[in-house]
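Report on one structure; see the data block that follows.
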Amino acid sequence: MGNTIRALVAFIPTDHCQNYVVGDLREMPLDRMVDLSGSQLRRFPLRVCSFTELVKLYLSDNHLHSLPPDLAQLQNLQILALDFNNFKALPQVVCTLKQLCILYLGNNKLCDLPDELSLLQNLRTLWLEANCLTHLPDVVCELSLLRTLHAGSNALRLLPSQLRRLRELRTIWLSGNQLSDFPPVLLRMPFLEVIDVDRNSIRYFPSLAHLTNLKLVIYDHNPCRNAPKVGKGVRRVGKWADETPEPEPRKARRYALAQEQSQEPPALLLPPSS
């Protein structure tokens, strides 16, 4: 019954009702973390903005589409989870939280990101999966300390050449997009350790053997004619991952067989019997 009442009250976007949904959150927790995930919130509870020493704030899986300016009081915030909400634009106040290291924005309705996101120069991890992005916003390329970028399940067709500026980037997830070619800019990022281009439309993979720090490449569910060539010790996940990456493997095997046969000594010609 409690969960039913909570769900009904959540539909009334008044501060009083939203505070009921939050419950007995009157003082900042000792661990400096507030988790309101799955609380049916439609309005951010202003009470939380008074917890100025807060480090982690989880608001995942609610019905939020905006955030109050008062959120700017949380200048010690390092982790902010806004995934699985109804944001069509990133609230500007998020860009004032300059200590953020991890920002979860997945499963919203974002089509772009504000230029002010570049103010978050401590950001190490950015999750943008399952939004409405048709291009990777240029502002992402200004996050100089970014190490992990998750932009899967969007509608990306290419990546900006400026992405190579992110010299700290180690992991990039691009599965479930609309890439028809392997992004050329990734070939100029030898510091990458993980590349995921699963579930795209890539037909040919260039060699990745020169990416000396690469540890894992995921390329499954592409209509590719070959597997990407990689350096020793690099794990591949996809078609022909355990084979030598040659175009059209069956043709390659037939060619090798033909070569072997051509090297056999010719049969001795016997004189006709009298």
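Observations
- Single match in LEU67, LEU97, LEU54, LEU71 (criterion: surrounded by 19 or more Cβ atoms within 10 Å (Cβ to Cβ), of a type in the set (A, V, I, L, M) and either closer than 18 Å to THR125 by Cα or under 23 Å from the mean Cα position of the chain (by Cα) (or both)): LEU97
- Elements of the type strands (runs of 3 or more DSSP E) sitting completely within segment 34-109 and holding at least 3 residues that are under 20 Å from SER153 (Cβ atoms) and out of contact with any helix residue (DSSP H, G or I) (no Cβ under 7 Å at 6 or more places or on another chain): these cover 102-104.
- Count - residues of segment 135-183 that are of a type in the set (Lys, Arg) and touching a helix residue (DSSP H, G or I) at 6+ places or on another chain (Cβ under 9 Å): 2
- Hits in segment 130-175 (condition: closer than 18 Å to LEU214 by Cβ and of a type in the set (Gly, Ala, Ser)): SER175
- Verdict on VAL93 being in contact with a Leu (Cβ under 6 Å, 6 or more places away or on another chain), modelled with pLDDT of 95 or more and β-branched (Val, Ile, Thr): yes
- Members of segment 160-186 that are open to solvent by less than 50 Å² (accessible area, probe 1.4 Å), in contact (Cβ under 8 Å) with a residue 24 or more places away in the chain and more than 20 Å from LEU123 (Cα to Cα): SER175, GLY176, ASN177, PHE182, PRO183, VAL185, LEU186
- Test: residue in segment 94-114 that is in contact with a strand residue (DSSP E or B) (Cβ under 9 Å, 6 or more places away or on another chain), more than 20 Å from LEU25 (Cβ to Cβ) and touching a residue at least 40 places away in the same chain (Cβ under 8 Å): yes
The values are calculated or read from the model by the stated rules, or taken from the named source; none is laboratory data. Fair warning: this is a prediction, and the values are worked out from it, not measured in the lab. Here the Cβ is made from the backbone with ideal geometry for all residues, glycine too, and neighbour counts use every protein chain on show. The area values use the complete protein model at the heavy-atom level, side chains included, leaving out ligands, DNA and RNA. Shrake-Rupley method; radii C 1.70, N 1.55, O 1.52, S 1.80 Å.
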